[in-house]
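Here the structure is laid out as structure tokens; the discussion comes afterwards.
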Amino acid sequence: MLEALCARPPFGSAPPGPGSWAALPSAPSATYLGTAVAFGSDIFLFGGRAPTAQTNAIRKFNTLTNTWSTVGTLPWSAEAIVGVVINGLIYVHAGGSGASRFGNLVSFNPSNNAVTVLAGDVATTGAAAVAIGNKMYVFGGQTTNTVLNTIRCYDPVTNQWTALTPSGVVPTARYFVSAAAADGKMYIVSGATTGTVVVKSIDVYDPVANAFEQALPISFGIYAMGVGIIGRYLYVVGGSNQGPTVDDTRIYNLDTKSWSSGAVLPKKLGYLPMAIVGDKLYTLGGYSSTAGGGVTDQYLYTPA
């Protein structure tokens, strides 16, 4: 549910080293299933479960001072929503609360904390979203009784949604899936088809061609993880693998299509809000199967 393009190693460079994790001051409350969106040096956290009930809070984490503040509220309380940045605004969509699913959409202006209600769409939870070419693309998610494999596009200029019909092999339906954008394409990573079955692939969608490219098989399946791109590398952090949360940091080289391992996350976490500021990766809370709930732990990853 994250994207970040930064000036890191050049095209075709060798895999990076493992990097390192460092602990940050604990968050004020245990939060997981929120959506973290980076904007400048700040990370905005929308909704989530804090610690046991869904919230509508919009919170801001200042990465320069490592401090939190509450800056607004969403019109609905939900977890597993999606958010992207387009032209200086953050667009926040969908999510769920208990058995309810929402198709709501708002824009949030970080300069004045204004929330504007926009045209809604399909009610889902656990979808993946990226911004490409000033439009938002949303893949998958779960309605009240169906797991989706559809691509939907929102255009902020017209305030309209379009259900796309891509060519190529459409990916397996899934939820608690994550995605990131690079080279004008959407990289859709793993995700769950049910509570016990995960997809072992990276599916690549090209919005210019409106087509799915050949899926990239991977050796692992994961869901409810953090995904983001720094330079030419896609990072897959934590998540759940058919139950227990994990502490893996997996690094995918977009040029060589090969994997390497990053430093181990200090705690096994899933459903973790994650964002990239500059060339560093931040995790803000998350769920620990060992602890049996949300945590206040916050971590900073610095690539090698």
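Key figures
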| read-out | value |
| --- | --- |
| In order through region 218-231: 3J(HN,Hα) via Karplus (6.51 cos²θ - 1.76 cosθ + 1.60), integer Hz, x for Gly, Pro | 10, 8, 10, x, 8, 9, 6, 10, x, 9, x, 10, 10, x |
| Largest-first principal axis extents, alpha carbons of region 210-260, Å | 33, 23, 19 |
| Part-to-part distance (alpha-carbon centres) for region 263-290 and region 185-250, which is given in Å | 15 Å |
| Count of lysine pairs in region 27-298 with Cα separation under 28 Å (8 or more residues apart, or interchain) | 20 |
| Region 22-100 shape via C-alpha gyration tensor axes, a/c threshold 1.5 | oblate |
| Separation in nanometres of the label points that stand 7 Å from Cα toward Cβ, at THR70 and ASN145 | 3.7 nm |
| Approximate spin-label separation ASP255-ASN210, in nm, with each point projected 7 Å along Cα-to-Cβ | 3.4 nm |
| Dipole axis of the chain (+1 Lys, Arg; -1 Asp, Glu on Cβ), positive-most option in ALA163, ALA57, THR150 | ALA57 |
| Approximate spin-label separation LEU24-THR52, in nm, with each point projected 7 Å along Cα-to-Cβ | 2.7 nm |
| Overall dimensions of region 260-304 by Cα: Rg and Dmax, Å | 11.0, 32 |
| Dipole moment magnitude, nearest 20 debye, region 27-298 about Cα centre, only Lys, Arg, Asp, Glu C-beta charged | 280 debye |
| Cα-based convex hull, region 27-298, per residue volume (Å³, whole number) | 116 Å³ |
| Förster radius 25 Å - calculated FRET efficiency between GLN242 and ALA291, Cβ distance, rounded to 0.05 | 0.85 |
| Separation of alpha-carbon centers, region 131-182 and region 64-103, rounded to whole Å | 17 Å |
| For region 64-220, alpha-carbon Rg relative to the globular expectation (2.2 N^0.38 Å, N residues) | 1.04 |
| Distance-filtered residues of region 133-153 - backbone nitrogen under 20 Å, label point 7 angstrom along GLN160 Cα→Cβ | 133-138, 151-153 |
| Chain lengthening between ASN109 and ASP183 when straightened (0.36 nm per residue, less Cα-Cα) | 24.0 nm |
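Each reported figure results from applying straightforward, stated rules to the coordinates on display, with no laboratory input. None of the values given here were measured: they were computed from a predicted structure. All Cβ positions, even for glycine, are placed from backbone atoms using ideal geometry, and neighbour counts span all protein chains on display.
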